[in-house]
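In what follows, a single structure is set out as structure tokens and then discussed.
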Amino acid sequence: MIFDLTRTLKANIAVWPGDEPFLAKVVADMNDGAIVNVTMLRLGSHTGTHVDAPYHFGQTDLPIDQIPLEVYVGAATVVTVERTAGPLTLADFPNLDWRKVKRLLVHSAASHKPVDQFQQEYVYPSIELADKLGQQQVVLFGSDAPSMDEFNSPDLACHKALRRNGIAILESLIFNNVPDGEYELIALPLKIANGDGSPVRAILRA
């Protein structure tokens, strides 16, 4: 069984304030006599469900085309949290067996908000949690929130804490009828030279 965690790219999808809106422009249309249908896409590298490259917040760090793909494929644990906004701490995962966690995917209230409205209040990992993930050798942290830091963060300290602990970032997932539990994650980024991030098609296999 496959669960699709990917937000649908369409004209009204919410983007980070100030980013270019998503555009899918038809440039060849069989209804107008063309022999094929062709669409031009315009979107930011952090539109919809996407991964952040370390280069996104570290000028000399790795771009997306240099990240080992292994971190985006493999065992993943889905956990629903009750907190609706603010930093997640160890207390938000009271029943989690950390020994089993390789990739942690957090399901919060953000999955159930209107997809055409950007939400400035959401959960994100605290530095304490990032350090715990590092101690447990977790390789990826993903959530349905649009960022790993609070909306007006001046320094992206939580992004940097995850990076310091060797943890890849997956943002803006959407959990529709996905039970908590153990899965296989596949969320491969596009191979963009010197890219700071990339949209992905994120799925879980039971």
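Could you tell me how many of the residues in the stretch 140-177 are charged (D, E, K, R), outside any loop (DSSP other than H, G, I, E, B) and out of contact with any Ser or Thr (no Cβ under 7 Å at 6 or more places or on another chain)?
3
Among the candidates Gly48, Gly74, Gly33, Gly18, which residue alone is buried (at least 19 other Cβ atoms within 10 Å of the Cβ) and on the phi > 0 side of the Ramachandran plot?
Only one candidate qualifies: Gly48.
Checking Ser108 against (1) under 25 Å from Thr60 (Cα atoms); (2) out of contact with any Leu (no Cβ under 7 Å at 6 or more places or on another chain), which single condition isn't satisfied?
Single failed check for Ser108: (1).
Mind telling me which of the residues Ala76, Ala145 ends up being without any contact (Cβ under 8 Å) to a residue 40 or more places away in the chain, within 20 Å of Leu204 (Cα to Cα) and in contact with a Phe, Trp or Tyr (Cβ under 6 Å, 6 or more places away or on another chain)?
Every option except Ala145 fails the conditions.
Only residues that are at pLDDT 95 or above, outside any strand (DSSP E or B) and surrounded by fewer than 16 Cβ atoms within 10 Å (Cβ to Cβ): list them for the stretch 178-206, please.
Matches in the stretch 178-206: Pro179, Asp180, Leu188, Leu190, Lys191, Ile192, Ala193, Asn194, Arg201.
Any idea which residue in the stretch 128-138 is farthest from Val101 (Cα to Cα), counting only those that are under 18 Å from the mean Cα position of the chain (by Cα), outside any loop (DSSP other than H, G, I, E, B) and not small (Gly, Ala, Ser)?
Checked the stretch 128-138; the qualifying residue farthest from Val101 (Cα to Cα) is Leu129.
For the condition at pLDDT below 95 and of a type outside the set (Phe, Trp, Tyr), what is the one hit in Arg42, Arg99, Arg83?
Result of the check over Arg42, Arg99, Arg83: Arg99.
The values are calculated or read from the model by the stated rules, or taken from the named source; none is laboratory data. This structure is a prediction, so every number in the text was calculated from the model and none was measured. Glycine gets a Cβ as well: all are built from the backbone with ideal geometry, and neighbour counts include every protein chain shown.
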